[in-house]
1. For the pair His46/Ala132, report the inter-label distance in nm, with labels modelled 7 Å from Cα in the Cβ direction.
2. Can you sort Trp106, Trp188 from fewest to most other Cβ atoms within 10 Å of each residue's own Cβ?
3. So if I take the centroid of the Cα atoms in region 57-112 and the same for region 136-193, what is the distance between those two points in Å?
4. Along the Cα→Cβ direction, 7 angstrom out, place labels at Glu151 and Val54. What is the inter-label distance in nm?
5. At a 10 Å Cβ-Cβ cut-off, how would you order Tyr192, Tyr65, Tyr216, fewest neighbours first?
6. Sum up the charges of everything whose Cβ sits under 14 Å from the Cβ of Tyr265, counting Lys and Arg as +1 and Asp and Glu as -1, but leave Tyr265 out.
7. Label-point separation (nm) for Arg274 and Trp106, each offset 7 Å from Cα along Cα-to-Cβ?
8. Hey, any idea what the orientation-averaged projected area of the convex hull of the chain's Cα atoms comes to, in nm²?
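None of the figures in this text is laboratory data; all of them are computed from the coordinates on show. Being a predicted model, the structure only gives us computed values, none of them experimental. FYI the Cβ positions are ideal-geometry reconstructions off the backbone, even for glycines, and counts take in every protein chain you see.
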Amino acid sequence: MTIVLGANQYGKAETRLVRVDRGGPQHELRDLTVTVALAGDLAATHLTGDNSQVLPTDSQKNTVYAFARQHGVDQIEDFGLVLAQHFVSSQAAIDRARVDLSEHTWHRLGPHSFQRAGSETRTATVTVTGSAAVVESGLTGLVLLNSTDSEFTGYVRDRYTTLPQTRDRILATEVNARWRHRGVDGEWAGSYAGVRAALVAAFIETYSLSLQQTLYAMGRRVLQDRPEIAEVHLALPNKHHLPVDLTPFGLDNPGEVFVATDRPYGLIEGTVTRAEPGAR
C-alpha cells in the first residue's frame, strides 16, 4: 500500500483588524476579519518536520497589520490583492495565496463617532498564483422579505407530505452571495453597490413561484446590469413565516399573524453564469 500526502494549505484564520484613518477632521473606520491560506511546496514540513519553507502563521498575522499601516485599507478587494501578491512573490515555496476578507459595517454618527450596523457583511476572496489572480466579492446576512407576491404550489407530494399549498405567502431570506469579477482592476466600491442594488431590485420585482425562481432572477439581474461580473453564486435560506392558528381564541387570521422560525429551514443554492460563446 502506498500512502501519499494530498493537497494541503496553511495560514492564519480570522485576524481581526480595525484601521482608523485620522488624516482629516473626519475619521474613516475600517473593521475587517482577514484569513490567509498559503499552498505550495510544503511537503517537507508534513513528512519530516522540516520547517525551512514555512512562514509562521504569526508572521502572516503581523503582515496584515503592517500592510494596513503601510498601504491603508480602502476597498477590501485591493487590500486582499496586495496581501496575496506579497505572499506569492516573497515566499519561494508558495505558489498560491488565498485571502478571505469580511468587512463589518459601521454607520457614522459624527466626525469620529460610529454605530455598528446589523448582520450584513461585505466579503471578498482574492486568490493569487504565479500566473493569475482571481477576485470574488460578496455579501452575507442581507435579510430581505416580501409580505406577498409569493406562492408555492404544484410540488411533489408523497406519503410524508403535510405542507399545504399556498397562493399567498411571506417570502423571506438571508442573502449570502459571492460573485467573480472578470478582471482584477475593478472599481470595487461602485461594483459592490451595483451588484447589491441588482440583487435587491430583482427580489423586490419578482413575483415568486418558488425561491429557486427568485434565486435565478437575482443572479440574472446581476449579470444583466453588471458587465464586469462573470458569475454569481447565491445561497438563500428560506426563513419560514408560518400563519398562527388563532381559532382557539375565537379569532380569524387573514394572513396577518405569523410565527418566524429559525430552524429547520430550506436552503436553496445555485450559480448563474455567462454562457461561453458558441456554447449550447
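1. 2.3
2. Details: Trp106 15, Trp188 22.
By the 10 Å Cβ count, ascending: Trp106, Trp188.
3. 30
4. Spacing of the two 7 Å Cα→Cβ label points: 6.2 nm.
5. Details: Tyr192 23, Tyr65 13, Tyr216 17.
Least to most surrounded, the residues fall as Tyr65, Tyr216, Tyr192.
6. Numbers: positive: Lys239, Arg263; negative: Glu174, Asp262, Glu269.
Around Tyr265, the charge tally is -1.
7. In this crude label model, Arg274 to Trp106 measures out at 3.7 nm.
8. Values: hull surface 93.9 nm².
Reported value for the Cα convex hull: 23.5 nm².
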